[in-house]
Amino acid sequence: MNKEVVFISGASRGIGTAIAESFAQLGYTVIGTSRSEFKFESKLDNLIPLALDIADRNSINNCVEYLKDNNCLLYTSDAADEEDSVDLGGRRI
């Protein structure tokens, strides 16, 4: 995976797809998410589709595990409390 990773939510269609493809064409590795599984129409190998439903705790945990396994930084600005946060190896987000 390219060291420079762009994480885009809502990447399965419309503006999200256009932004994801634009960053990929510039050479970034793009992780694009959508509530359900999807595939990018573009055949660029640096476009990675990932299902992420933020209303489903298991989906969030699967995404976090994927990002941890792929040396990505995940940042969120709205973890309401300890119960809603995720443990990333000793750091909670």
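The values are calculated or read from the model by the stated rules, or taken from the named source; none is laboratory data. Note that the structure is a prediction, hence the values are computed from the model and not measured. Don't worry about glycine lacking a Cβ; one is built from the backbone with ideal geometry, like all the others, and counts go over all protein chains shown.
Taking the range 24-39, which residues are under 13 Å from GLY10 (Cβ atoms) and touching a helix residue (DSSP H, G or I) at 6+ places or on another chain (Cβ under 9 Å)?
VAL30, ILE31, GLY32, THR33, SER34, ARG35
Give me the pairs, please: first residue somewhere in the range 22-44 and over 14 Å from CYS63 (Cβ atoms), second residue anywhere and of a type in the set (Asp, Glu) and modelled with pLDDT of 90 or more, beta-carbon distance under 6 Å, and either six or more positions apart or on two chains.
What qualifies is SER42/GLU21.
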